[in-house]
């Protein structure tokens with residue numbers, strides 16, 4: 001165990017009980033030993049992915065300018081049956097933790113998609129004929145990168161100070177809509193950061209071409225990556241969303257509901273293309289989104305989950321949904337101004 005891995009483990013083991021337990025069970029019960037991962041055949045894949053992400057973070061952190069001084073980042077996995085992610089600061093390092101149950105959720109959503117003819121047609125792939133298909137691995141890694149980047153997005157935007165502990169999913173309903181909408185705006189900021197980071201890493205380097213070649217996609221590199229990212233994130237949000245959807249409570253949760261978050265994803269794909277790939281500025285259309293999500297919904301395996309998705313769509317198309325979306329982005333703008341003194345930035349980059 002490295003020094004940072006040990007720090008991560010000891011911090012979790014010494015959390016106050018309200019942060020560590022729920023219903024009498026340990027929620028964050030120390031660092032996950034992947035030798036004991038529930039899906040042994042994928043333990044090495046997750047270990048390799050963790051190593052790649054930590055190496056990338058280590059290479060880039062010297063360029064981060066933060067109000068509280070030099071930054072170190074470390075990703076690790078948590079021994080927990082709760083689907084969650086956390087961030088905290090300890091001994092000079094910002095840690096991002098993802099639970100074993102969340103890793104299992106990545107596996108479940110990726111497994112449900114990679115063999116589907118509709119998905120492979122979307123990505124311009126041949127029919128599935130391998131046990132360990134590159135598409136499964138690409139979906140899995142994209143989801144892991146998105147969630148870990150989302151957590152870093154909270155840090156980058158000043159949502160958390162070095163010594164604070166933050167749980168991603170609190171699953172609470174607040175009594176104060178303004179406070180909840182500000183919480184939701186934080187999630188919008190973190191999602192936007194993750195989208196921009198994913199697309200920049202893939203399409204402003206050789207990585208996207210490598211992924212396309214490994215998938216043997218007939219699509220252009222840009223179409224392949226944009227479709228893969230939308231598919232991976234859309235399937236994850238769809239699977240994570242609670243079945244119950246009550247339009248009267250959308251302003252009281254700590255996260256926007258799944259379809260609203262996908263609205264953010266498509267908006268930020270357009271924003272990223274506007275900055276970096278203007279010929280694709282019209283890529284993220286509603287018909288394209290519907291085509292990408294159709295096999296996700298069909299593979300969901302639950303009539304109730306499908307009905308939840310339809311209820312969310314009906315809400316967003318109405319005036320109440322339009323007002324909610326407008327207010328969500330207004331809160332995002334206000335939050336961005338409020339957090340500006342606490343934000344991190346990359347040396348040599350503007351904005």
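The values are calculated or read from the model by the stated rules, or taken from the named source; none is laboratory data. Being a predicted model, the structure only gives us computed values, none of them experimental. Positions of Cβ are generated from backbone atoms using ideal geometry, with glycine treated the same way; all protein chains shown enter the neighbour counts.
Brief remarks follow.
- Scope region 115-137; condition modelled with pLDDT of 90 or more and either in contact with a helix residue (DSSP H, G or I) (Cβ under 8 Å, 6 or more places away or on another chain) or in a loop (DSSP other than H, G, I, E, B) (or both); matching residues: 116, 118, 119, 120, 122, 123, 124, 125, 134, 135, 136, 137
- Here the condition is being over 18 Å from residue 106 (Cβ atoms), surrounded by 14 or more Cβ atoms within 10 Å (Cβ to Cβ) and at pLDDT 90 or above; of 73, 34, it holds for 73 alone.
- Summed over region 116-129, the residues that are crowded, with 16+ Cβ neighbours inside 10 Å and farther than 15 Å from residue 297 by Cα give a count of 4.
- Elements of type helices (runs of 4 or more DSSP H) contained in region 195-301, each with 1 or more residues being under 26 Å from residue 330 (Cα atoms) and either touching a residue at least 24 places away in the same chain (Cβ under 8 Å) or out of contact with any helix residue (DSSP H, G or I) (no Cβ under 7 Å at 6 or more places or on another chain) (or both): 221-240, 258-276, 286-299
- The residues in region 217-264 that are buried (at least 23 other Cβ atoms within 10 Å of the Cβ) and touching a strand residue (DSSP E or B) at 6+ places or on another chain (Cβ under 8 Å) can be counted, and the count is 0.
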